[in-house]
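Here the structure comes first, spelled out in structure tokens, and everything after it is commentary.
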Amino acid sequence: MADPRIVGLLIALGLAGPARAVAAAEPAACTPTTCAPVKGSLRAAGDRRPLAGATIVLIPAPPDAEPGRMKDPPPPPDDPAWLVATRTDDDGVFETEPVRHGLARVVVVAEGMLREDVIVEVGPAATKPLRLFARPDPDEPYRTEVAGPALPSAQREPTRRVLEREEIQTLPGSQGDPLRAIQNLPGAVRAPGGLGVLILRGASPAQSRVFIGGLAVPRAFHVLSLSSVIPADLIERLDFIPGNFDARYGGATGGIVELEPRTGRRDGVHGFAELDLAAASAMVEGPLLKKKGSFVVAAQRGYFDAVIAGASKVAERTTGDPNDLLLPGYYDYQALFSYPVGPGELGVRVFGAGDRLRAQRREIAGFEQDFGGSNSFDFRSGFHRLDVPFEVARRRSTTRLVPSVRLQTARRIVSGQALMRRRTDVVPAARLETEQRLSPHATLLVGTDFEVARYFAVDEQRPLDVVTAADAERREDDGVESQTGVYATTELHWGPVTLRPGARATAFTVDDQARFSVDPRALGHVDVGESWRLSAGLGRYSQMRPISDRDSIDLFEQGAALSGSSLTLPSVFGTFDPEIRFAPDDTDLSLVQALQASAGAEARFAADWTASATGFFREQQNGEPLRFQSDPIAATSSTRTGGAELLLRRRLGPKLYGWVAYTLMFSELRFTSVDRDAVPDNRPSDFDQRHNFVAVASYRLRKGWRIGGRFRVTTGFPYRPVIGSVSVRGGYLPVLGGRNTARLGTFHQLDLRVDKTWVVPRASVSAYLDIQNVYNRVNPEALLYSTDFRSEVGVIGLPIFPTLGVRVDY
Amino acid sequence: MIGGVNWIRPRRWTRGAALATLAAACTPSSAPVWVLSQPRELGLRLDLRAPGPYSDDLDPNDPASPSEFLPGDTVEVTPLVAGPDGPIAPGDLQALWFLCDDAASCLLRGDRLEDAPACDDEPLAGPQRPCLLGGQPTASWIVGEPPPPMMIAPGDDVADAAIDVATSWPFVGMIASPPDGPGAEACRQALDRRTSLEDCLLAERSIPLGPLSAVADVLGPLGYDVDFSESLGPLLQRPRNHNPEVEVFNVTIAGESTTVRSAETIAVPPGSEVRVSWIPSADDVESFDIMLPEAPMPSTVTESLGGRWYVSEEVEGYTALDDGWTLELVAPRRGQTHLHLLLRDDRGSETSGWLILESSAS
């Protein structure tokens, strides 16, 4: 007797009439010499994902049919002579009841897939198992679920936004990068120069942190922020929390991003290879040890340096003029293994990233060849990390342990100054936490985390007098920096009300100096009806303020001179990531502490639409003393930020996703005391971006096409203007105005993206064209002045920038 | 290093970083820098009003106007200002002059003028933070003796201090309001607040001391006990610098040349290609012989004199040639066009001249 559910499906598909379903489901009597079952497996074309629960129906083949996939199959007869049906199991495998030898028509019906019709030869010998591939239905395409179902405790913070992997990979203007995708959400300031720093609710990039697998990474972006250090394909979940984050995380006074690496697929070996104008990447994943475990191995290499060097050679041959070059190159790699052990899951994660930034001079002096080669500036940094996470989830508790060790290196050589600096850190770290459900209304999370950085630094300076060949001056430093936190959060439910009071205590040490902080935090929300949620948060956040280093190197300074004109960058470039810290100096260790508060409302309406409004406030004490490069005073200062975020979002659906986001923000640097009579005026902070509007939409068309667009309008960054100049022998020197007393012009830009995917049985091929700044507006990112600084000669901005990429998934 | 940035000798990596950024688009501002769309300070001219005892020893009958000075000299500073309607006389400005009696610029150091005292009538001996020279159309004062080396550069090498004094002490500056501007006091307040000086005029420059051989003789008894021949070398052989004069231009229109004196008007056919060249006199471009170390014969060195042209309106074909001594342009369709030439040599003397092109059909 056929499964009534299958019969109902067949009726709905017109493959069986209601009155004859039972009779037609029974083929003529079979014997082993006259009949044989049909076995096989069913997978999705493209990524070869096994399709479980699909319906496999066998009916007689039409006359003159030949074995193979039917093209333009005729509709199945209303009244087949016989009909056999079954379903695929979790591995996509199926086996039917025996049917008569001869040709049979296999009809495959799977959710989200096009119907497949195949003619098979059922013979007296064991029929070779079929390998069937079903193509996705363009009107109801499958998509990879990235974020798991929302758990009651998952929405801990007032503002926690989740991005799906498909959104990350197809968002216009973000080149598939997960952290650049975040910049399109409210609360994230548009980064200067279109680069990938995270400026969250006005906080400096150094005041926000990115956590991968529960532990912070020293760097989230590659050099010049061309790409994140971990690709979207390795992320199970990405949560963006611009402020008021839980007590689980510390060492940040701004916002955080949580990236949870995923485990490998266990249904077979899969992977991808991708190539675009800036980088090449590849990944392989698959099962281990009888499919109980899994692995993922991936790598990426950015070759922007090779592209620039090649283009420069062409230009040099054409013009005859040598060029100075800025050459950024990078790589990253990840290897993730997981295996069930006892009641839990044990993992091993190895990942790392390396960057190199060189400024290459075409004129080489013999002296500089000895110390830096043809590179006038050569900066390298990298980190490598090993985690062994272990997680046990029981009925009433979840325990997570993530021990880790990290190796960090940084080296800088400046040949013109004959200076080399090198630093190495060995950083053991760990997180241990357990979440226990105490009662239906209460859950307790307790945990601890630590990082202990043992650093070794070397400074070497060679005197400029190479004639006497004096020895280089060398200085070595070593020490220990650490951060240890203990935290606890209780989650209490009373009907629609959820409260999460918690606290975090952290000890910060640098060598023999120590500072402590106890940061209470409280979060909560109220569900009003089915669709509304009101939430709020209040808490204190602490972070070690970097000790004044002998040479704190920012890769960008405000202001730079070129022959013929002079470039002024806004202040925001001054705290550009990465800032390379070398051996700390003997100054006091102090803490930066921020009070954060936020409140908001979110409404869910229709199937996939949400709207939210959040107000936020942040008051940060910047630690003492604070010195400015060009204002040699010591001041106590605070940064006060407040604003509102609005978001209207269509969640990822079969065809469409997108959102409209607006952030209003005021961020001001305030001075409270100085060691001189004059008190500096309060001024906009370096990251003050008053208005930020983003509209994003992406729509899936037929036949594998997807189009998307992004439009942004933001206020310009504040900068320090040149108000005059001084004539000196040999040229002019600029007279600078007050810091951040002027503001660059408004930024607006349109980006478009087109994706096309071809799905073949065992692979899929995607190509994309991403065009940033479609109408080629020169948005002011920096100003150029004339050589006498008496007038602006122009503004600099990024031009139209197309990126072409190709990717093969299997 | 000023403000954390080496402005005169850029770091190569910053140049590279900026070049990478310049791989981006760059768009010009609304008007070229050479267009005088509003009153603008072109420079500050220095003249010797009255020689002091050291200058008397040099050449009491020097016919040219020296642009290097010695302690005891009375220096006069004249602002060179021009606008869309032509040059602006110093008397038409509301100016406030200040002196920075230190081997550093007051403006670059961030000094404010609000509480600055008046400079004494007596020769200055510093260092003093800015003092006010008053609100006259031009400024004049007597150059005092340089401060002792330890007050110029505490903790640094005395030779470095000597070079600082010889090359960049003192500084004189002007904050002024043009006619119809906000007034000198409003401009002064804007300067002290370091806000926009869009409607004001600001200029500051170092006063070059020279000739360096005479400067060395003055510095020695003041405590600058250094062997200047080691640190300054052949520069000690340079004679005193003088201001060039912009008096005569050669104007070529359609192949025909005419000589025009500064401040005169010349008629040009509308739309014609015009070439204007400054004609120096025999004394304007100075050459002198210097004996370089281990050289068998003296070498003749000619000073570097560069020009920058400014025009009262945007014109087609603006092209500066010959180190800025020559300007090519297309004459506008109608009206008067002012051309201003600022000349500057490699030892800091600045002077200017101008002429008017009258575009008419006849």
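Just a few scattered comments:
- The single condition among (1) in contact (Cβ under 8 Å) with a residue 12 or more places away in the chain; (2) more than 13 Å from chain A (Cβ to nearest Cβ) that B:Val172 does not meet is (2).
- Single match in A:Leu595, A:Leu646, A:Leu664, A:Leu591 (criterion: under 25 Å from A:Thr506 (Cβ atoms), part of a strand (DSSP E or B) and either among the small types (Gly, Ala, Ser) or modelled with pLDDT of 95 or more (or both)): A:Leu595
- Those strands (runs of 3 or more DSSP E) lying entirely in the stretch A:767-810 with at least 1 residues open to solvent by 50 Å² or more (accessible area, probe 1.4 Å): A:792-797, A:801-809
- Residue within the stretch A:672-681 that is part of a loop (DSSP other than H, G, I, E, B) and of a type in the set (S, T, N, Q) present: no
- Condition check for B:Ser262: exposed (fewer than 13 other Cβ atoms within 10 Å of the Cβ) and under 30 Å from A:Arg790 (Cα atoms): no
- Count - residues of the stretch A:201-228 that are assigned to a loop (DSSP other than H, G, I, E, B) and touching a helix residue (DSSP H, G or I) at 6+ places or on another chain (Cβ under 9 Å): 4
- Residue list for the stretch A:723-732, restricted to those being open to solvent by 20 Å² or more (accessible area, probe 1.4 Å) and more than 7 Å from chain B (Cβ to nearest Cβ): A:Tyr732
- Meeting the requirement of 1 or more residues that are among the polar types (S, T, N, Q) and within 14 Å of chain A (Cβ to nearest Cβ), the strands (runs of 3 or more DSSP E) wholly within the stretch B:196-306 are B:201-206.
- Criterion: hydrophobic (A, V, I, L, M, F, W, C) and surrounded by fewer than 17 Cβ atoms within 10 Å (Cβ to Cβ) - qualifying residue of B:Leu212, B:Leu236: B:Leu236
- Candidate set from the stretch A:249-297 (those that are open to solvent by less than 10 Å² (accessible area, probe 1.4 Å) and hydroxyl-bearing (Ser, Thr, Tyr)); member that is nearest to A:Ala44 (Cα to Cα): A:Ser294
- The stretch B:339-362: number of residues that are open to solvent by less than 20 Å² (accessible area, probe 1.4 Å), within 14 Å of another protein chain (Cβ to nearest Cβ) and either within 12 Å of B:Ala267 (Cβ to Cβ) or in a loop (DSSP other than H, G, I, E, B) (or both): 3
- Identity of the residue in the stretch A:733-743, assigned to a strand (DSSP E or B) and within 8 Å of chain B (Cβ to nearest Cβ), that ends up farthest from B:Gly173 (Cα to Cα): A:Ala742
- Some residue of the stretch A:654-662 being in contact with a Pro (Cβ under 9 Å, 6 or more places away or on another chain), open to solvent by 50 Å² or more (accessible area, probe 1.4 Å), within 18 Å of A:Thr170 (Cβ to Cβ) and aliphatic (A, V, I, L, M): no
- Complete set of residues in the stretch B:307-338 that are open to solvent by 20 Å² or more (accessible area, probe 1.4 Å), free of Cβ contacts under 8 Å to residues at least 24 places away in the same chain and in a loop (DSSP other than H, G, I, E, B): B:Glu316
- Complete set of residues in the stretch A:240-288 that are more than 18 Å from A:Arg349 (Cβ to Cβ) and acidic (Asp, Glu): A:Asp246, A:Asp267, A:Glu274, A:Asp276
- Any hit, the stretch A:713-720, residues being within 14 Å of chain B (Cβ to nearest Cβ), over 29 Å from A:Arg651 (Cα atoms) and assigned to a strand (DSSP E or B): yes
The values are calculated or read from the model by the stated rules, or taken from the named source; none is laboratory data. The structure presented is a predicted model; accordingly, all values stated were derived computationally and were not measured. Cβ coordinates were reconstructed from backbone atoms using ideal geometry, including for glycine residues, and neighbour counts include every protein chain displayed. Ligands, DNA and RNA are stripped out before the accessible areas are found, and what is left, the full protein with its side chains, is counted by its heavy atoms. Shrake-Rupley method; radii C 1.70, N 1.55, O 1.52, S 1.80 Å.
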